[in-house]
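Inspection log for the structure reproduced underneath, given as structure tokens.
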Amino acid sequence: MTASRVCKVFLVLIGLLKTTGAFPQSGLDPGGSRTQRDVACREDMEYLNGNICCLNCEAGTRMVSPCTTPEQKGKCEECNDGTYTEHSNGLKHCFKCTQCRSDQDIVRGCTQTQDTECQCKSGRFCAPDQACEVCKKCSRCKKDEEIVRNCTSTTNTECKKIQTSAGSASGNTLVIVPLSLFAVLLVIVAVGVYMWRRCRATDSQRNPSDGQKAGQHYSDNCPTEDGSNGETRRRSCSNLMLPRPLEDEQFPKLVPLNGVESLMKCFEYFEEMDITYHKRFFRYLGINDNVVKSKEGLPYQDRIHELLNVWVEKEGREASLNDLLKTLLDLNQRQTAETIKENAIDSGQYRELMTGELYSPVISTAQGHL
């Protein structure tokens, strides 16, 4: 085969391969423009419109209409009040500004280039690693604790037990005293007790009458009681010398100092209640489920206040903080009940019922009117 014929065959084969699509097509259409899949816009600087790249609108603005020429800016417009865009963009709509809740303060207002910044009000906090639907109330250290770190808008109060000087001194004493000396003291005490008991046993054997007299003298200090056969007998002194067992500590009753006004001012303390218990709490108080459900759209604090107001209207003059605390105790929420009781007393709204003082659940007209 001659060279010319070989070239002709080679050209024919190339033509066939092109027609079957074996060779990749170029990124240009017949007019010489790039296809859309080959267009790569610069990130954070351009956006794609069809098969051309348009320059972003500036922060604080939005795109009204795109460009018609590559690497040009389309028509941009400033964001309306209450909306913003923080970065350059090709967005058709600005973002809506965040609205701070009733339990938050505004740290930084919303502008066309930045969103609103909110934080919990003083005395409340919300951990940044948790969903912040409600700002929680800052804890207060107990009487036997001291503050390690104050509460902030993002962290709760940190407390630690107060180290008493007496406790540390006794601990140091036990460390300082050598173990050998302590063992010697124990031996001396044990020997002394043994010798004392032996001497007593010897004396009682020698002088039994003295022992009886001593026993008689001891029994004279014991009270007497009449037996079933008319004889007078003495009670066992050992029972009288034993301490009486302590009764279970009862939850104290509280007395309002300003009538119903004291009760209303303590509503905020019930925000300490676990949100998972609030439906059961109001159901125990006799509030209808439909009424509870109707308040679900309110923030948690407002929801608590509204439902407690409904309860006060329902109970009338017999509404009492003691009933609310008893309901918490019935729900095994004693710690919350203790906290609310302490807050009510510390705020000067309530005092504990004195021993022997009569308590009436009805709020008198002298204390306040509903």
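The values are calculated or read from the model by the stated rules, or taken from the named source; none is laboratory data. As the structure is a prediction and not an experimental result, all values here were calculated from the model. Every residue, glycine as well, gets a Cβ built from its backbone with ideal geometry; the counts of neighbours run over all protein chains shown. Heads up: the accessible areas ignore ligands, DNA and RNA and are worked out on the full protein's heavy atoms, side chains in. Shrake-Rupley method; radii C 1.70, N 1.55, O 1.52, S 1.80 Å.
In sequence order, the range 69-82 has phi-based couplings of 10, x, 6, 10, 8, x, 8, 10, 9, 5, 5, 6, 4, x Hz under the Karplus curve 6.51 cos²θ - 1.76 cosθ + 1.60, θ = phi - 60°, and Gly or Pro positions carry x.
In what order, largest first, do 278, 87 sit by accessible area if the probe radius is 1.4 Å? Before the final figure, lay out each step's value.
Numbers: 278 10, 87 125 Å².
Ranked from most to least accessible, the order is 87, 278.
Rg(Cα) of the range 250-304 divided by 2.2 N^0.38 Å? Here the answer is 1.29, to two decimals.
Heavy atoms only, 1.4 Å probe, whole protein assembly: order 196, 311 by accessible area, highest first. Mind showing how you got there, number by number?
Numbers: 196 145, 311 5 Å².
The most accessible residue leads, giving 196, 311.
Each label point was placed 7 Å from the Cα along the Cα-to-Cβ direction; for residue 163 and residue 347 their separation is 3.7 nm.
Accessible surface for residue 347 stands near 50 Å², nearest 10, in the context of the full protein assembly shown (1.4 Å probe).
Over the range 79-130, the Kirkwood radius and the radius of gyration, each from Cα atoms, give a ratio Rg/Rh of 1.08. Residues 52, 147 ordered from highest to lowest accessible area at a 1.4 Å probe: 147, 52. Straightening the chain between residue 183 and residue 294 buys 32.7 nm, computed as 0.36 nm per residue apart minus the Cα-Cα spacing.
Rolling a 1.4 Å probe over the protein heavy atoms leaves residue 269 with an accessible area of roughly 30 Å². Accessible area per residue was computed with a 1.4 Å probe on protein heavy atoms; residue 188 scores about 110 Å².
Evaluate E = 1/(1 + (r/R0)^6) for residue 121 and residue 318, where r is the Cβ-Cβ distance and R0 equals 25 Å; express this FRET efficiency to the nearest 0.05.
Working: r = 34 Å, r/R0 = 1.36.
E between residue 121 and residue 318, to the nearest 0.05, is 0.15.
Report the gain in length on full extension from residue 274 to residue 43: 0.36 nm times residue separation, minus Cα-Cα distance, nm rounded to one decimal. Walk me through the numbers on the way to the answer.
Working: separation 231, 0.36 × 231 = 83.16 nm, distance 4.73 nm.
Separation in residues times 0.36 nm, less the Cα-Cα distance, equals 78.4 nm.
Figure the gain on full extension for residue 330 and residue 71 (residue separation times 0.36 nm, minus the Cα-Cα span) and round it to one decimal in nm. Before the final figure, lay out each step's value.
Details: separation 259, 0.36 × 259 = 93.24 nm, distance 7.12 nm.
Gain on extension, residue 330 to residue 71, equals 86.1 nm.
Each peptide in 125-131, 352-358, 115-121, 280-286 receives the mean, over its residues, of other Cβ atoms within 10 Å, and ordering these scores from highest gives 115-121, 280-286, 125-131, 352-358.
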